[in-house]
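The values are calculated or read from the model by the stated rules, or taken from the named source; none is laboratory data. Quantities reported herein were computed from a predicted structural model and do not represent experimental measurements. Don't worry about glycine lacking a Cβ; one is built from the backbone with ideal geometry, like all the others, and counts go over all protein chains shown.
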Amino acid sequence: MTNFDLEKYKKLTEGYNNETLSKEEVLELYRYQNFIVSQAQYDHRLEYKNLLIQFLEKKIDVIDFARQFMKFDDKVTEIAEGFLRDFEFLKSFQMNLNSKNFGDLIFEIYEICFAICDEGEFFDESNEASPRLYDLIQERFLQLEKID
């Protein structure tokens with residue numbers, strides 16, 4: 001666990017709102033924001049894992065999995081965005097260093113789900129998931145299990 005530098009975050013947020021940040025400072029602000037999103041995802045890790053298990057055990061089809069995963073991740077991201085505006089919450093916020101790796105894997109799965117929904121990849125005309133998709137999701141799931 002590490003502390004969140006609230007004063008630095010406030011300064012970057014103010015600079016962003018006033019359009020006075022350098023490119024490096026904008027990237028630093030994005031890193032803070034991504035850390036909060038990753039932490040929110042990590043805090044909901046059981047829900048993510050349950051959804052992955054349902055898919056891997058073929059209890060939900062590929063389209064339902066992709067839609068549910070993206071919808072749930074959007075909800076968690078909304079929660080994180082609320083945290084980013086709540087300076088009282090951020091005062092005592094502790095960053096779990098595992099959350100960054102967890103968030104990176106969730107992002108990879110989100111991209112796969114986007115490819116499923118938007119581009120029709122990883123399944124056939126009967127909505128049967130390809131073996132490659134199961135392998136990709138299984139691999140990410142095993143990586144997520146190691147992070148706990």
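Screening segment 10-42 for residues that are among the hydroxyl-bearing types (Ser, Thr, Tyr) and not in a helix (DSSP H, G or I) and picking the one that is nearest to the chain's Cα centre (by Cα) gives Ser22.
Residues checked against (1) modelled with pLDDT of 95 or more; (2) within 21 Å of the chain's Cα centre (by Cα); (3) surrounded by 14 or more Cβ atoms within 10 Å (Cβ to Cβ):
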{"site": "Asn3", "(1), (2), (3)": "no, yes, no"}
{"site": "Lys8", "(1), (2), (3)": "no, no, no"}
{"site": "His44", "(1), (2), (3)": "yes, yes, yes"}
{"site": "Ile53", "(1), (2), (3)": "yes, yes, no"}
{"site": "Asp61", "(1), (2), (3)": "no, no, yes"}
{"site": "Phe69", "(1), (2), (3)": "yes, yes, yes"}
{"site": "Asp73", "(1), (2), (3)": "yes, yes, yes"}
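Taken over segment 95-141, the criterion of being at pLDDT below 90 and hydroxyl-bearing (Ser, Thr, Tyr) is satisfied by Ser126, Ser130. Scanning segment 93-143 for residues that are assigned to a helix (DSSP H, G or I), under 21 Å from Ser38 (Cα atoms) and in contact with a strand residue (DSSP E or B) (Cβ under 9 Å, 6 or more places away or on another chain) turns up just one, Ile137.
Restricting the first member to segment 18-40 and to residues that are touching a residue at least 12 places away in the same chain (Cβ under 8 Å), and the second to residues that are among the polar types (S, T, N, Q) and in a helix (DSSP H, G or I), the beta-carbon pairs closer than 8 Å and six or more apart or on different chains are Leu29/Thr13; Phe35/Ser99; Val37/Thr77; Ser38/Ser99; Gln39/Ser99; Ala40/Thr77.
Residue-level check: of (1) within 18 Å of Leu105 (Cα to Cα); (2) surrounded by 15 or more Cβ atoms within 10 Å (Cβ to Cβ), Leu12 misses just (1).
Check whether at least one residue in segment 51-59 is in contact with a strand residue (DSSP E or B) (Cβ under 9 Å, 6 or more places away or on another chain) and under 29 Å from Glu145 (Cα atoms), and report yes or no.
Within segment 51-59, one or more residues are in contact with a strand residue (DSSP E or B) (Cβ under 9 Å, 6 or more places away or on another chain) and under 29 Å from Glu145 (Cα atoms).
Consider Phe65 carefully, then state whether it is among the hydrophobic types (A, V, I, L, M, F, W, C) and under 24 Å from Glu121 (Cα atoms). Yes; evaluated as a whole, the condition is true for this residue. Residues in segment 44-80 that are among the acidic types (Asp, Glu), free of Cβ contacts under 8 Å to residues at least 24 places away in the same chain and either more than 16 Å from Leu136 (Cα to Cα) or in a helix (DSSP H, G or I) (or both): 3 in all.
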